[in-house]
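S.K.: Below you will find the structure I want to go over with you.
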Amino acid sequence: MKILVLNGSPKRDKSDTMHITRAFLEGMREAAPHEIHVIDVIDRRIEYCAGCFACKRNGGTCIYDDDMKMILDEILESDLLLFSFPLYCYGMPAPLKALLDRTMPLSSMAMQKVGDRYEHVGQADFSRLRYMMICGCGFPNSRHNFEPAVQQFKQCFPCNHTIITIPESPMFNAPEAEAVTVPRLALVRQAGKQYAETGIIDAALLAEIGSPMIPEEQYAAIVNGGM
Ligand SMILES: Cc1cc2nc3c(=O)[nH]c(=O)nc-3n(C[C@H](O)[C@H](O)[C@H](O)COP(=O)(O)O)c2cc1C
């Protein structure tokens, strides 16, 4: 499988979230070999979408000649698009959002009704493409935190999506937290293997992965104590 990882953390490979993503990919590799390419989005020149809709009227060519051209080509060749990002203000970091906006050339101006919503008609057949979101965050609570980002991802990619969210993610970069992060990453590896083998992740496993690693109050006390 060709996997394109869009690392939305400005911390590049030092990203807390990328610990989770790497464990997931390791699990996938246990099941089968994969071709994996990681793009650190922060290092790419991606202009903001101008909102001109030129791409939707001229067969998919954007007015900007920047790194997005190559990224769109890679998306078209991929089997799995993996968005790895930290939660920023309940959404994705701006550079990754800029990339997402610039995927406009992949669909045409024409709208079609799918179920009870409208979407633009694709300029190519994306039915084989699968979408994965792996999102870490700094607060200990999963509820009242990830929902906007999760909803946006589901709306953007209504089919073939899988979503992993993990609170308390700065602990993945804290060696003193290994007693809880190592077992959590083992679960993530298990999820990766399962996903590669079956295309889905067991709901109970997803829920376990998405739960706080240490009690919320304890995590908040540690963070506050260190200030
Ligand atoms: C600009 C900014 C906004 C953030 N917004 C949130 C937020 O809405 N919810 C949350 O739980 N954490 C938030 N955080 C914390 C990060 O999600 C957290 O530090 C995460 O572990 C960073 O992951 P990374 O190392 O992969 O970049 C924010 C951090 C920054 C810098």
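S.K.: Restricting to helices (runs of 4 or more DSSP H) lying wholly in region 45-145: which have 3 or more residues that are loosely packed, with under 13 Cβ neighbours inside 10 Å?
M.R.: Values: elements: 54-57, 68-77, 94-101.
Result: 68-77.
S.K.: For residues that are under 13 Å from Glu208 (Cβ atoms) and not aliphatic (A, V, I, L, M), scanning just region 166-188, find the one that is nearest to the chain's Cα centre (by Cα).
M.R.: This residue is Pro167.
S.K.: Failed condition for Ala196, given (1) more than 15 Å from the ligand (Cβ to nearest atom); (2) without any contact (Cβ under 8 Å) to a residue 40 or more places away in the chain; (3) in a helix (DSSP H, G or I); (4) surrounded by 12 or more Cβ atoms within 10 Å (Cβ to Cβ), with all others met?
M.R.: (2)
S.K.: Oh, and also: How about region 1-12: which of its residues are surrounded by 14 or more Cβ atoms within 10 Å (Cβ to Cβ) and within 16 Å of the ligand (Cβ to nearest atom)?
M.R.: Those that are surrounded by 14 or more Cβ atoms within 10 Å (Cβ to Cβ) and within 16 Å of the ligand (Cβ to nearest atom): Val5, Leu6, Asn7, Gly8, Ser9, Pro10, Lys11.
S.K.: How many residues does region 118-143 hold that are away from the ligand (no atom under 11 Å from the Cβ) and either within 22 Å of Met28 (Cβ to Cβ) or in contact (Cβ under 8 Å) with a residue 24 or more places away in the chain (or both)?
M.R.: 12
S.K.: Considering only region 144-169, how many residues are within 16 Å of the ligand (Cβ to nearest atom) and hydroxyl-bearing (Ser, Thr, Tyr)? Reasoning before the result, please.
M.R.: Within region 144-169, the subset within 16 Å of the ligand (Cβ to nearest atom) is 144-153, 163-169.
If we keep only those that are hydroxyl-bearing (Ser, Thr, Tyr) as well, we get 165, 169.
Going through region 144-169 one residue at a time, the tally reaches 2.
S.K.: Of all residues in region 146-174, which are under 19 Å from Asn224 (Cα atoms) and not in a helix (DSSP H, G or I)? Walk me through how you get there before you give the answer.
M.R.: First pass over region 146-174, keeping only residues under 19 Å from Asn224 (Cα atoms): 167-174.
Correct list: Pro167, Glu168, Ala174.
S.K.: Looking at Ile36, Ile63 in this structure, which one is more than 27 Å from Gly199 (Cβ to Cβ) and either without any contact (Cβ under 8 Å) to a residue 24 or more places away in the chain or β-branched (Val, Ile, Thr) (or both)?
M.R.: Sole residue among the options that is more than 27 Å from Gly199 (Cβ to Cβ) and either without any contact (Cβ under 8 Å) to a residue 24 or more places away in the chain or β-branched (Val, Ile, Thr) (or both): Ile63.
S.K.: Something else about it: Name, by its number, the condition in (1) away from the ligand (no atom under 14 Å from the Cβ); (2) assigned to a helix (DSSP H, G or I) that does not hold for Ile42.
M.R.: (1)
S.K.: Taking region 13-29 only, how many residues are more than 10 Å from the ligand (Cβ to nearest atom) and either closer than 15 Å to Gly138 by Cβ or in contact with a helix residue (DSSP H, G or I) (Cβ under 7 Å, 6 or more places away or on another chain) (or both)?
M.R.: Residues in region 13-29 being more than 10 Å from the ligand (Cβ to nearest atom) and either closer than 15 Å to Gly138 by Cβ or in contact with a helix residue (DSSP H, G or I) (Cβ under 7 Å, 6 or more places away or on another chain) (or both): 6 in total.
S.K.: If you don't mind, there's one more thing I want to ask. Report, ordered by the first and then the second residue, all pairs with beta carbons closer than 7 Å, sequence separation of six or more or different chains, a first member in region 169-182 that is closer than 13 Å to Ile20 by Cα, and a second member that is among the hydroxyl-bearing types (Ser, Thr, Tyr).
M.R.: Ser169/Thr17; Met171/Thr181; Phe172/Thr181
S.K.: Check whether at least one residue in region 138-153 is among the aromatic types (Phe, Trp, Tyr) and in contact with an Asp or Glu (Cβ under 9 Å, 6 or more places away or on another chain), and report yes or no. Spell out the reasoning first.
M.R.: In the first step, residues of region 138-153 are kept if they are among the aromatic types (Phe, Trp, Tyr); the result is 139, 146, 153.
This time we only want the ones that are in contact with an Asp or Glu (Cβ under 9 Å, 6 or more places away or on another chain), so: 139.
Within region 138-153, one or more residues are among the aromatic types (Phe, Trp, Tyr) and in contact with an Asp or Glu (Cβ under 9 Å, 6 or more places away or on another chain).
S.K.: When you go through (1) more than 24 Å from Ala124 (Cα to Cα); (2) of a type outside the set (Ser, Thr, Tyr); (3) in contact with a Leu (Cβ under 8 Å, 6 or more places away or on another chain) one by one for Leu6, which number turns out not to apply?
M.R.: (1)
S.K.: May I ask you to verify whether Gln123 is polar (S, T, N, Q) and more than 17 Å from the chain's Cα centre (by Cα)?
M.R.: On the way: polar (S, T, N, Q): yes; more than 17 Å from the chain's Cα centre (by Cα): yes.
Taking the combined requirement at face value, the residue satisfies it.
Every number in this text was worked out from the coordinates using simple rules, so none of it is lab data. This one's a predicted model, so the numbers in the text were calculated from it and none came from an experiment. Counting neighbours? That spans all protein chains shown, and the Cβs are built from the backbone with ideal geometry, glycine included.
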